[in-house]
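The values are calculated or read from the model by the stated rules, or taken from the named source; none is laboratory data. Everything numeric in this text was worked out from a predicted model, so none of it was measured. Positions of Cβ are generated from backbone atoms using ideal geometry, with glycine treated the same way; all protein chains shown enter the neighbour counts. The accessibility values were calculated without ligands, DNA or RNA, using every heavy atom of the protein model including side chains. Shrake-Rupley method; radii C 1.70, N 1.55, O 1.52, S 1.80 Å.
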There are 2 protein chains.
Amino acid sequence: MTTIKDIARVAGVSVTTVSRALNGYGDVNENTRQKIIQVSKDLNYSPNTLARGLVMNKSRTIGLLVSGMNRQNAKDQFTFEVLSGINEYASEQDYDLILFSTNSTKQREKTYSQLCKERRVDGVILSGIKTDDPYLQEVVESDIPCILIDIPMKSDTVGYVTTDNVLGASTAVNHLIGLGHRNIAMVNGHDQAFVSPQRLQGYKEALETRHLPFRPEWVVNGAYDEETARQEAEKLLARYPEITAVFCASDLMALGVLKAAVSLGRRVPEQLSVVGYDDILLASYSNPPLTTISQNKFQLGYEAATMLIHMLEGSREPHEMYLDTQLVIRRSTSENHN
Amino acid sequence: MTTIKDIARVAGVSVTTVSRALNGYGDVNENTRQKIIQVSKDLNYSPNTLARGLVMNKSRTIGLLVSGMNRQNAKDQFTFEVLSGINEYASEQDYDLILFSTNSTKQREKTYSQLCKERRVDGVILSGIKTDDPYLQEVVESDIPCILIDIPMKSDTVGYVTTDNVLGASTAVNHLIGLGHRNIAMVNGHDQAFVSPQRLQGYKEALETRHLPFRPEWVVNGAYDEETARQEAEKLLARYPEITAVFCASDLMALGVLKAAVSLGRRVPEQLSVVGYDDILLASYSNPPLTTISQNKFQLGYEAATMLIHMLEGSREPHEMYLDTQLVIRRSTSENHN
DNA sequence: CTGAAAGCGCTAACAT
DNA sequence: ATGTTAGCGCTTTCAG
């Protein structure tokens with residue numbers, strides 16, 4: 001494997017000069033530079049980023065700490081789309097991505113900062129982390145630059161990008177109210193997601209604004225899981241047949257509610273309106289296609305990468321960003337005729 | 001940041017001893033080891049993998065060269081599931097994954113081996129690479145250990161994991177023939193995928209075995225794209241109304257055919273049977289749900305990682321593996337009544 | 001069982 | 001404009 005030493009020898013200069021020439025410093029004779037570049041091509045040289053990283057104490061690498069990269073969770077490719085967005089900007093900026101996965105079967109006993117310190121990543125992006133995840137604690141305490149996706153926490157080294165989940169949820173519920181629904185239930189996700197209480201909040205606010213009563217017993221926990229949501233919705237709808245619409249905190253759960261409706265013999269949207277959240281791919285293919293709150297997952301990742309890299313390069317801008325969401329009306333909602 | 005030097009100082013030993021103690025060598029006094037371990041904990045030490053990689057010339061890192069990690073392609077999350085599988089085994093074995101993306105907007109002028117050499121990855125897994133991709137050439141020539149997904153190429157340092165695509169395709173077509181179909185068309189993908197000619201081959205073989213004529217004009221190119229497939233299928237079916245079944249080289253294209261059937265007013269499966277390939281998530285949610293050839297994408301990745309890591313650790317087993325596929329019968333196929 | 005010393009490939013003062 | 005030297009944090013002979 002060729003090193004700058006080899007180049008130096010062949011080109012008849014010192015390693016310093018080689019290093020400077022190759023890194024585009026100005027204080028190198030143009031002829032020397034050309035010669036060095038030629039030699040390095042002849043010798044098929046590639047720089048050793050490990051060595052460079054060691055001395056510069058900078059690896060041009062971003063760590064990705066994602067949970068939800070496993071067999072089951074592949075269903076909502078939320079993570080994947082975020083990843084694609086991150087990758088897009090990172091590769092534009094010549095940063096590499098290194099994947100840490102928290103879902104290792106033999107549960108990794110390593111701490112968050114160990115993971116990062118070992119690999120000498122310059123910064124980290126966290127996605128899909130639960131609020132009770134020990135890693136989250138560490139982030140705030142550690143001084144490693146970090147961007148959180150969908151968890152609004154801030155410090156000197158921590159930023160986030162997310163959407164306004166209260167607004168998103170209230171938009172969804174307002175849509176239902178606008179269609180004449182008065183008895184609107186909610187299937188929320190588990191409490192370990194930051195967005196859950198916020199979406200609940202949005203649901204409440206929308207009801208309140210229209211002077212509709214909030215009925216706690218109409219809010220069930222679907223754990224962001226299709227099957228759990230189906231079961232919970234089945235119980236709920238059987239018990240309170242007066243419910244004419246359901247707002248779900250995720251599309252996956254909305255899919256579960258759709259199944260519950262089938263098994264209860266209630267046609268969607270004629271006899272039951274359903275709204276999801278996320279606008280995952282499946283949402284437009286389900287039967288009927290889901291009305292939902294759309295998030296631009298790719299952009300979420302893209303912006304997170306942008307923010308992190310700016311941060312790494314010394315920007316002092318505020319490290320927070322809210323992206324817009326959008327109500328996408330498909331065929332799982334219609335006017336209430338009761 | 002703590003280094004072994006710090007530990008050595010505090011523990012009152014040499015760096016050599018610290019290194020040996022921490023790496024579990026036998027020739028260290030157990031008391032000394034305990035002391036060193038204690039100190040390293042107190043000092044919150046993490047090893048610097050860059051330094052280690054530099055001296056050992058080994059990074060315990062696997063490069064991932066995937067194409068198809070972009071906005072559009074997110075649809076079939078083939079890549080993502082493969083990735084999950086790779087990640088699973090790699091993290092079990094304490095290897096880290098580094099993501100190279102070939103779809104960078106400013107097209108990366110770096111060569112494959114440059115990418116790998118720079119980052120000093122121990123080995124690489126390639127997925128979603130087209131046969132005319134320049135990277136592929138390089139792989140075979142370079143001496144970097146490498147596993148290909150779905151491209152059967154072998155050398156001392158190159159292995160692959162794939163499925164039997166001829167068999168898969170013929171199984172699909174035989175299913176149609178078994179349902180009484182005689183006029184079976186095929187929507188194939190572009191020729192830049194290794195699997196395309198193989199699936200075509202399987203289609204031909206199945207026809208031949210049952211003494212059905214092969215009609216080249218009934219094979220169209222859907223480019224592995226839903227919309228292209230829809231258009232091509234529409235033309236094909238309009239022109240040859242006698243076709244009663246279509247075999248597609250991917251589910252995504254099958255979805256396109258489903259749309260074509262709708263716009264031509266042909267009910268699936270009553271008036272047209274459709275078979276896909278891959279068994280992507282969408283396949284079970286489409287309307288009607290797709291009959292398809294299922295590939296275990298997660299396992300594809302898992303086995304690729306296994307094979308690569310074994311290779312890296314010196315195994316001399318053959319570096320090739322064929323996984324089984326499975327016919328999944330859903331509701332897009334039925335008996336032919338013509 | 002332990003330590004001194006060399007060196008992986010690179011960059012960065014500090015000369016010259 | 002170029003070379004000398006030191007050193008990033010680690011592993012690994014080689015001696016003791």
At a temperature of 10 °C and a viscosity of 1.306 mPa s, determine how fast the stretch A:4-47 diffuses translationally according to Stokes-Einstein, using the Kirkwood radius over alpha-carbon pairs as Rh; express D in µm²/s, rounded to the nearest whole number. 161 µm²/s
For the stretch B:111-128 the residues that are at least 10 Å² less accessible with all protein chains than alone, 1.4 Å probe, are B:Q114, B:K117, B:E118, B:R119, B:R120
Protein heavy-atom accessible area occluded, B/A pair - total, 1.4 Å probe, Å²: 5700 Å²
Using a 1.4 Å probe on the protein heavy atoms, what percent of the accessible area of chain A belongs to carbon and sulfur? 48 percent
Centroid-to-centroid separation of the stretch A:142-191 and the stretch B:8-68 [C-alpha atoms, Å]: 42 Å
Specify which residue in the list B:Y224, B:A238, B:G180 is farthest towards the positive end of the charge dipole of the stretch B:159-261, using unit charges on the beta carbon of Lys, Arg (+1) and Asp, Glu (-1), about the Cα centre. B:G180
In whole angstrom, how far apart do the alpha carbon centroids of the stretch A:203-258 and the stretch B:288-315 sit? 39 Å
Summing +1 per Lys or Arg and -1 per Asp or Glu among the other residues with Cβ less than 12 Å from A:T16's Cβ gives +1
Going 7 Å from Cα along the Cα-Cβ axis for the label, what nanometre distances separate A:Q326 from the same residue across the other copies? 3.8
By how many degrees, between 0 and 90 and to the nearest 10, does the Cα long axis of helix A:195-209 differ from the longest principal axis of chain A? 40 degrees
For the stretch A:78-93, in residue order, the Karplus 3J(HN,Hα) values (coefficients 6.51, -1.76, 1.60; θ = phi - 60°; whole Hz; Gly and Pro = x) are 3, 3, 5, 5, 4, 4, 4, x, 4, 4, 4, 6, 4, 6, 4, 9
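May I ask you to list the GluC sites (Glu not before Pro) in the stretch B:106-173 that are in a DSSP loop and have at most 12 other Cβ atoms within 10 Å of their Cβ? Show your work: numbers first, answer last.
Numbers: sites: B:E109, B:E118, B:E138, B:E141; in loops: B:E109.
Here the GluC sites (Glu not before Pro) that fit, given the DSSP loop and packing criteria, are B:E109.
Per residue, how much accessible surface does chain B expose to a 1.4 Å probe? Answer in Å², no decimals. Write out the running numbers ahead of the final one.
Values: 14350 Å² over 338 residues.
Dividing the accessible area of chain B by its residue count gives 42 Å².
Eight or more residues apart or on different chains, and alpha-carbon atoms under 16 Å: count the Lys pairs in chain A matching that.
On the way: A:K5/A:K35; A:K5/A:K41; A:K58/A:K117; A:K75/A:K297; A:K235/A:K259.
Lysine pairs meeting both conditions in chain A amount to 5.
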If each label sits 7 angstrom from Cα along the C-beta direction, how far apart, in nm, is B:E270 from its counterparts in the other copies? 1.8
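Have a look at the DSSP beta bridges in the protein assembly as shown and tell me what percent are antiparallel, nearest 5. Mind dumping the intermediate values first?
Values: 9 of 81 bridges.
Roughly 10 percent of the DSSP beta bridges within the protein assembly as shown come out antiparallel.
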Using only alpha carbon positions, build the gyration tensor of the stretch B:256-328, then give the equivalent ellipsoid semi-axes as the square roots of 5 times its eigenvalues, largest first, whole angstrom. 39, 10, 8
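Could you work out the helix-only [θ] at 222 nm for the protein assembly as shown, with each DSSP H run of four or more residues adding -39,500 (n - 2.57) and the total divided by the number of residues, to the nearest 500 deg cm²/dmol? Don't jump to the answer; show the numbers that get you there.
Numbers: 24 runs with 280 residues, N = 676.
The helix contribution divided over the protein assembly as shown gives -13000 deg cm²/dmol.
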Would you mind getting the Kirkwood hydrodynamic radius of the stretch B:121-212 from its Cα pairs, rounded to one decimal in Å? 14.7 Å
Every other copy gets compared here: list the nm distances from the A:N338 label point (7 Å along Cα to Cβ) to its counterparts, shortest first, one decimal. 4.9
So, over other residues within a Cβ distance under 15 Å of A:R210, counting Lys, Arg +1 and Asp, Glu -1, the net charge is +1
Residues of the stretch A:21-61 that become at least 30 Å² less accessible with every protein chain present than in their own chain isolated, using 1.4 Å: which are they? A:N44, A:S46, A:P47, A:N48, A:T49, A:L50, A:L54
Scattering profile of chain B from the Debye formula, Cα beads only, expressed as log10 I(q)/I(0) at q = 0.16 Å⁻¹, is -1.24
The answer for trypsin sites (Lys or Arg not before Pro) in the stretch A:248-338 that fall in a DSSP coil and have at most 12 neighbouring Cβ atoms within 10 Å is A:R267, A:R316
So if I take the alpha carbon set of the stretch B:217-263, get Rg, then get Rh from the Kirkwood formula, what is the Rg over Rh ratio? 0.91
Quick one: compute the contact order of chain A, relative version, from alpha carbon pairs under 8 angstrom and 6+ residues apart, as a percent. 17 percent
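In square nanometres, what is one fourth of the surface area of the convex hull spanned by the alpha carbons of the protein assembly as shown? Write out the running numbers ahead of the final one.
Numbers: hull surface 141.8 nm².
Projected area, direction-averaged: 35.4 nm².
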